[in-house]
Amino acid sequence: MKGLRLLPIPEAGQETKGPKLATHIQWKPDIRFLPATQQVPSPVALDQQKTQNLAIAGFLLVFELIEALAPQTLLPSYLEKYRKLSMDTGKKILQGEYDHIPGIMQLKNMDREQRKALFKSLQGQYPDARVERCYNDAWVYARERPDQLIGEGIFQDTSLLVTMKGIVEWGLELYDWNRFLGPLSHANPGLRILEVGAGSGSATAIMLEALTTSHGDRLFSRFTVTDSVPGLVNHLEERFGDIPRMEYKTLDISKSATYQGFTEDSYDLVIVCNVLYETPVLSQSLAHIRSLLAPGGRLLLYEPCSEIPHVDVVMGSLPSWWLGMGDNRGDKPHVSVERWEQELCQAGFSGLDNVQYNAPAPLYWQVLMLSTNPVVDSPHGPINLLCTAETRHHSWIQSLALCLSSDGYDVRWCNLGEEFPTEDVIALLDFESPFLHDISQHTYSTIQSWMSTVKRLLWVTHSMQIECKDPRFCLILGLVRTLRSELNVDIGTCEIDSFDDAALHVVTQAYKHLGMPIAGRTIRDFEFIMHRGVGHTGRAALTKVIDHLNVADQPGSYLLDIQTIGDLSSLGWRPIPTEEVGPHDVEVRASYLALNFKDLMMSLGVVERTKTMDFCFEGSGFVTRVGSEVTTLRVGDPVVVFDPQPTKTLAVFPADRVVPAPKHLTLAEAAAT
């Protein structure tokens, strides 16, 4: 090219303000590969004795409520229900129906003063300080200020209401919401979320924290926060108004949502915390929720549920607690898990995908449930398994065929050398060894031509991108990505770190989701990885360059080793922990490493390998740490090292064995000298 003149782009030479940013692929668990039993987060393990104390405090409070409410004859309807519940519970205690609760037996024969002393002895023995404050306030109203309880004085002096909010927040904090929301938002970066009955925003704040990355990015495209009370909606907007992609609407879920301005099938996740038990008809409320969920959308339901009344005796003083009475719910507004499953199925949901109580039976008082708006799958057609004649009868490949058959596929076989199938293929040619390595030009051309025309192909191979044991398998990535980019064909890869039973499910799900739009959007997945038994997908993440370079969870160093003497293909790196730097030591990160003739002969088995004949450290690099007594070298100095210790990417040496690299040589030349 002659006569070319290049001019700078205006302002291109100016330094960009702010930190430099970079994108990289993050591989994380994808909820589509997790069984439902692993999707719902488990609560933290509570101290058993303190949880029992919570139950005992509830029973003690029942007796105080009986003293306060039993003589009353003219009570508001909600307090009449509260009174009846308290008196019925007291009878059940005396009749032995709660004898299976640890510590309940001692209450039966106590007088009022003894119960008071027992309640005081529980101070400092609750699972959380907020729980203790709430029960203490409830005790004060029942024992010392029953007139305010009866006269609705708790709404003037709001101390009890504040502590009730605290106990609700504590209950929500028991769960690791990232365990569910992390894999869900990773699978669907455009997540559309609806929260029903957000109230004061306790659950909203916790969910937002779980849906925010360490860099402040929000893992959703839209988060709609609702409540049936317009004043609370205004409060929610004031509290969370600075957060992008949030919207605030009034919604009474006991009524048709579409009549209230909502669009059907418009959300991927609906979150409901302590709301539906207040609605008059559970099946109707659930049906209204399902109308808003897209096919495959999930309902996360967190509701009160208890065999013993330790939550009812606190919350029962609120009129809203009793709004859902009726609907065949007995003497409490909340229902059992079995009833929830029945109602969910009646409303068209999948039933209960998974359930997690917040404490072991019979001491639990809340339950977290997951259900799905089912997707109507079209019938599966034939699927072709492409493998070699030698691997076709391997037990894992046969198990994969059975797994696909049980999922509704018509499995057909094709051996290498036969006519290639033209659509719906799972290729298992990499099962035992990297197929593309050392193949002939003719075979490569044949494979390339076939792959460019096949409709829907999943190539199963070994781990490469998260943990690579044999880089020769990486050849397929370049070929598949090129064909997909240039020819727009549905070809993908599924990397497996261990061909075990878990891999059967991952491969089946990877084929099912290969190239399929996620939640009706343009984003599609073509690369899947099974790592430690869980299916992962990759998403582009934006980070600061400095943060990306300082990743702390990567292995500190790698050791050069050979697994099989005589087989150079087994030569590779294995991760090892970093070493401590002593006062007279220097840590060096290698830039160039050399292998000599002895190393080669040892690898081939010509020279016998002994403990003293590992690959010696011959290389050059930079000093990364120095001991407190070292004065001749500094961090960042280019150095040369020859040491009998094994070859590593990051190693610690005595300072007298590390010398500055000659200035007239490059580091590559210094390592080879």
**Study point:** Residue, surrounded by the most Cβ atoms within 10 Å (Cβ to Cβ), within the stretch 513-555, restricted to residues that are within 21 Å of the chain's Cα centre (by Cα) and at pLDDT below 75
**Key:** 519
Review point. So which of 48, 52 ends up being among the polar types (S, T, N, Q), open to solvent by 40 Å² or more (accessible area, probe 1.4 Å) and closer than 30 Å to residue 121 by Cβ?
Key: 48
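Say we look at the stretch 649-672 and pick out the residues that are of a type in the set (Val, Ile, Thr) and open to solvent by 60 Å² or more (accessible area, probe 1.4 Å); which of these is nearest to residue 578 (Cα to Cα)?
Our first condition is that a residue be of a type in the set (Val, Ile, Thr); within the stretch 649-672, this holds for 649, 652, 658-659, 666.
Add one more test, that the residue is open to solvent by 60 Å² or more (accessible area, probe 1.4 Å), and what stays is 659, 666.
Details: 659: 21, 666: 27 Å.
Top of the filtered list is 659.
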Review point. Residues of the stretch 391-423 being open to solvent by less than 80 Å² (accessible area, probe 1.4 Å) and in contact with a Pro (Cβ under 6 Å, 6 or more places away or on another chain), which ones?
Key: 410, 414
Practice item. Check 157, 137 and return the single one that is at negative phi, outside any helix (DSSP H, G or I) and of a type in the set (D, E, K, R). Key: 157
Practice item. Please work out which one of (1) under 24 Å from residue 316 (Cα atoms); (2) of a type in the set (A, V, I, L, M, F, W, C); (3) in a loop (DSSP other than H, G, I, E, B); (4) under 27 Å from the mean Cα position of the chain (by Cα) is the condition residue 367 fails and give its number. Key: (3)
Check your understanding: Among the residues of the stretch 370-379 satisfying the criterion of being over 19 Å from the mean Cα position of the chain (by Cα) and hydrophobic (A, V, I, L, M, F, W, C), which is modelled with the highest pLDDT?
Key -> 375
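Could you tell me which of the residues 58, 90, 96 is at negative phi, at pLDDT 90 or above and either assigned to a loop (DSSP other than H, G, I, E, B) or touching a His at 6+ places or on another chain (Cβ under 9 Å) (or both)?
Details: 90 fails: either assigned to a loop (DSSP other than H, G, I, E, B) or touching a His at 6+ places or on another chain (Cβ under 9 Å) (or both); 96 fails: at negative phi.
Being at negative phi, at pLDDT 90 or above and either assigned to a loop (DSSP other than H, G, I, E, B) or touching a His at 6+ places or on another chain (Cβ under 9 Å) (or both) holds for just one of 58, 90, 96, which is 58.
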Check your understanding: Is one or more of the residues making up the stretch 640-648 under 42 Å from the mean Cα position of the chain (by Cα), modelled with pLDDT of 85 or more and surrounded by 17 or more Cβ atoms within 10 Å (Cβ to Cβ)?
Key -> yes
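Return the only residue of 599, 585 being of a type in the set (Asp, Glu), surrounded by 12 or more Cβ atoms within 10 Å (Cβ to Cβ) and closer than 15 Å to residue 642 by Cβ. Before the answer, list the steps.
Details: 585 fails: closer than 15 Å to residue 642 by Cβ.
Every option except 599 fails the conditions.
Is it the case that residue 320 is within 29 Å of residue 149 (Cα to Cα) and open to solvent by 40 Å² or more (accessible area, probe 1.4 Å)? It would help to see each step written out before you state the result.
Numbers: within 29 Å of residue 149 (Cα to Cα): yes; open to solvent by 40 Å² or more (accessible area, probe 1.4 Å): yes.
Judged against the criteria, residue 320 is a match.
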Study note, to complete from the structure: If we ask which residues in the stretch 302-315 are buried (at least 24 other Cβ atoms within 10 Å of the Cβ) and within 20 Å of residue 349 (Cβ to Cβ), their number turns out to be 0
Point to revise | Residues satisfying the stated conditions in the stretch 255-272, i.e. more than 14 Å from residue 228 (Cβ to Cβ) and hydrophobic (A, V, I, L, M, F, W, C) | key: 269, 270, 271
Point to revise | Positions within the stretch 172-183 being in a helix (DSSP H, G or I) and open to solvent by 10 Å² or more (accessible area, probe 1.4 Å), in sequence order | key: 173, 178, 179, 182, 183
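The values are calculated or read from the model by the stated rules, or taken from the named source; none is laboratory data. What you are looking at is a predicted structure, and each value in this text was computed from that prediction instead of being measured. FYI the Cβ positions are ideal-geometry reconstructions off the backbone, even for glycines, and counts take in every protein chain you see. These area figures cover heavy atoms from the full protein model, side chains too; ligands, DNA and RNA do not enter into them. Shrake-Rupley method; radii C 1.70, N 1.55, O 1.52, S 1.80 Å.
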